[in-house]
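Take a look at the structure below.
Coordinate-derived values only; no laboratory data. Predicted, not measured: the structure shown is a model, and the values here were computed from it. No Cβ is skipped: glycine too gets one built from the backbone with ideal geometry, and neighbour counts run over all protein chains shown.
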Amino acid sequence: MKKTLTISAAALAAALALAGCSAGSGSGSSGTGSMSGMNHGSSGMSSDSAPATSAAAMAEFNDADTMFAQMMMPHHVQAVTMSDIMLKKAGLPPAVTDLATKIKAAQGPEIEKMTSWLQSWGQPTMMPTEMSSAHSMEGMMGEDDMAKLEAAQSAEAAKLFLTQMIAHHEGAVMMAKTETTNGKNADAVQLSEDIVSSQDAEIQEMKDLLATL
């Protein structure tokens, strides 16, 4: 089930628009480059309108941190999309519905957090095309996979979602471990460690659940 694919620009743009609405409209003046035409940064966020961005997140960072955020964001976007697909279906085992709800609740705020980091660093929120073609994202589902998930119902949908999401999580864990090893920014490295811990646990949960269906 392991596949590599870059997510559609439209899907990522929609997610970034939502994150931008949450992020407010301050200027990210703490980055090391220009804002690439973006109108919403992170350093002017109010405490009640965006995820907290620490001084560490706006301080030192390296290319590994930038790539981690630029690649993990669309990876998370697809996980949220897959969860949304499941939450619209009827007749699913409650444990599967609960899992989809949990994944969406965890990864949505992380998308916002990574968006705010990239903005504060003055980096594009989307990886340049020439770079994205050279750096594939492990565990991403293809268009056919997403179509199958949309069409599946009941027990079939539950099994397919779990199988796909296990592969998806395994890809995210691989990417996060690379950041843990190579990253410089304290907050980004901490998030990578959190992703490894939480998604490893969810992988085991999903394998156990799949065995019961």
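Taken over the stretch 81-213, the percentage of Cα pairs per 10 Å bin, counting from 0 up to the bin with the maximum distance, is 11, 38, 34, 15, 2. Computed extension gain for GLN153 through ASP200, at 0.36 nm per residue and net of the alpha carbon distance, reaches 14.3 nm. Multiplying the residue separation of GLU170 and ALA95 by 0.36 nm and subtracting their alpha-carbon distance yields 25.0 nm. For the stretch 180-191, 3J(HN,Hα) computed residue by residue from phi via the Karplus equation (6.51, -1.76, 1.60; θ = phi - 60°) reads 4, 7, 10, x, 10, 6, 4, 5, 5, 5, 4, 5 Hz, glycine and proline entered as x.
The listed peptides 163-172, 69-78, 178-187, 141-150, ordered by packing as a protection proxy, come out as 69-78, 163-172, 178-187, 141-150 (highest mean of other Cβ atoms within 10 Å first). Here the contact order of the stretch 78-213, divided by its residue count and restricted to Cα pairs under 8 Å and six or more residues apart, works out to 26 percent.
At 0.36 nm per residue, minus the direct Cα-Cα distance, what do ASP84 and ASP208 gain on full extension? Give it in nm, one decimal, please.
Length difference between fully extended and current span is 42.4 nm.
Applying a DSSP loop filter and a limit of 12 other Cβ atoms within 10 Å to the trypsin sites (Lys or Arg not before Pro) in the stretch 60-110 leaves LYS88. Ranked by the mean number of other Cβ atoms within 10 Å per residue, highest first, peptides 151-162, 189-200 order as 189-200, 151-162.
With the simple spin-label model, which puts each label point 7 Å out from Cα in the Cβ direction, the LYS102 to ALA186 separation comes to 3.0 nm.
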